[in-house]
Amino acid sequence: MSTTLADSPRTGALLPPLRFGQHVVDVPVVLAPMAGVTNAPFRSLCREHGAGVYVSEMVTSRALVERTPESLRLVQHEPGASPRSVQLYGVDPATVGAAVRMLVEEDLADHVDLNFGCPVPKVTRRGGGSALPWKSGLFRDVVRAAVRAAQTSSGPDVPVTVKMRKGIDPDHLTYLDAGRTAEAEGAAWVALHGRTAADGYAGTADWEAIARLKEAVTSIPVLGNGDIWSAEDAVRMVGRSGCDGVVVGRGCLGRPWLFADLAAALQGRPERVRPGLREATATLRRHAELLVEHFGDELRGCREIRKHVAWYLKGYVVGGHMRAQLGLVDTLAALDALIATLDLDQPHPGEAAEGSRGRTSPAPRVVLPEGWLDSRELTGASLEVVRAGELDPSATAGG
Ligand SMILES: Cc1cc2nc3c(=O)[nH]c(=O)nc-3n(C[C@H](O)[C@H](O)[C@H](O)COP(=O)(O)O)c2cc1C
């Protein structure tokens, strides 16, 4: 299964296609999993503009195995999605393995990404997300269980990939060990967000660390993540780190067309999408409609679109009152009525529409299980916390 840009020239491409498992993706660009954002409607919009890999929101392994309605919604894919990428979170190898098995046997995914980057307290206090690679044996066992469960007798194995941060804080870095372990255990790529858990989203991502990981992991693609706000940033990251592809999160909030820019830039083409307000609001409107369809509930879909409004309007001249009204819409008709009052002939505002968006704050404090940092082995109280954590299917939060 592959995504191709058959009619795009490959001459001038900055990077070769991204190969993982049986997939060959011409443009090595990945939409970063973002809880509450990268649902099927948003992935659809991004996919229309680019030719990369578009990953679901994180799904908790335990909740998936228990078939909670929310986890089954999270693994729904947009029509025509290929490959279908699901991100799993889990702390117990057996449960992660069972979740991967379910995805493979029930044909719910063509690619599974494992979350080792989430810094939010309700995840790290259970030893999950960005806390987990510190326990090196547990990390190895989770990756091993996932890779084994993704093997099939009837067709190609489903590739399992790893997404991680640099470590917990500057004194507890794990990414080089974890990268080598993931490679040895059969992961199909490793992606590094160049921040520690303690960094949260503050400061600038450390692209040097991506270069170090690229030196350490030599037989599978190393993808770089963090602070790609434009296609030019992606080109710079590739140049500075030598990474094999890029993972883009916040930069595409309110502008799914960034994937067209990324595809063009990585193929050496100069064109960039610069929508005027009419096109930007048309995409916002379609996003809202897809959300309403996806949730099967107009109010829910409209509530979901509210958080995207400011991102779509960044840089355009739209007054504060109108922005506030748009941030309260509860029907598609109300959204249409408000959009109709805007000066839709405005051209793209240039730099004002660019730059950072979304979270930028540090993690308030990395919350870890008692004694977690005392040893890299999983023993005693830490072991109990991990076991208990996996039993709680409510730990669905973003990273
Ligand atoms: C709202 C939000 C939700 C996120 N949810 C997840 C998630 O579910 N899984 C994950 O691995 N990372 C998650 N992340 C982290 C992103 O995937 C990405 O690593 C991070 O934003 C850095 O990339 P960026 O600078 O391109 O945004 C989330 C980030 C944001 C802003």
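Values quoted throughout were computed directly from the atomic coordinates according to the rules given, and no laboratory measurement underlies them. Here the structure is a predicted model, which means the values were calculated and not measured. Here Cβ is always computed from backbone atoms with ideal geometry, including for glycine, and neighbour counts include all displayed protein chains.
What to note about this one:
- Between the Cα long axis of helix 93-105 and the first principal axis of the chain there is an angle of about 50°, rounded to the nearest 10.
- Summed side-chain charge close to Arg376 - residues other than Arg376 whose Cβ falls under 15 Å, Lys, Arg +1, Asp, Glu -1: -3
- Each of the peptides 12-18, 303-309, 318-324 was scored by the mean count of other Cβ atoms within 10 Å over its residues; in descending order, highest first, they stand as 303-309, 12-18, 318-324.
- Normalising the average separation of contacting C-alpha pairs (under 8 angstrom, six or more residues apart) by the number of residues puts the relative contact order of segment 277-349 at 39 percent.
- Mean separation of Cα contacts under 8 Å (6+ apart) over length of the chain, as relative contact order %: 19 percent
- Pairs with C-alpha atoms separated by more than 25 Å, drawn from the list Lys214/Lys314; Lys163/Lys214; Lys122/Lys214; Lys135/Lys214, are Lys214/Lys314; Lys122/Lys214.
- For segment 56-200: relative contact order, % (alpha-carbon pairs under 8 angstrom, 6 or more apart): 21 percent
- Order of Ser154, Ser356 - criterion: other Cβ atoms within 10 Å of each residue's Cβ, fewest first: Ser154, Ser356
- Other-chain or far-sequence residues with amide H under 5 Å of Val53's (modelled H): Val29, Val30, Leu31
- Principal-axis tilt of helix 175-184 within the chain, Cα atoms, nearest 10 degrees: 70 degrees
- When each of the peptides 195-204, 269-278 is scored by the mean number of other C-beta atoms lying within 10 Å of its residues, the order from highest to lowest reads 195-204, 269-278.
- Segment 277-349: C-alpha gyration tensor shape, a/c 1.5 cut-off, then a/b vs b/c: prolate
- Share antiparallel - DSSP beta bridges, the chain, percent rounded to 5: 15 percent
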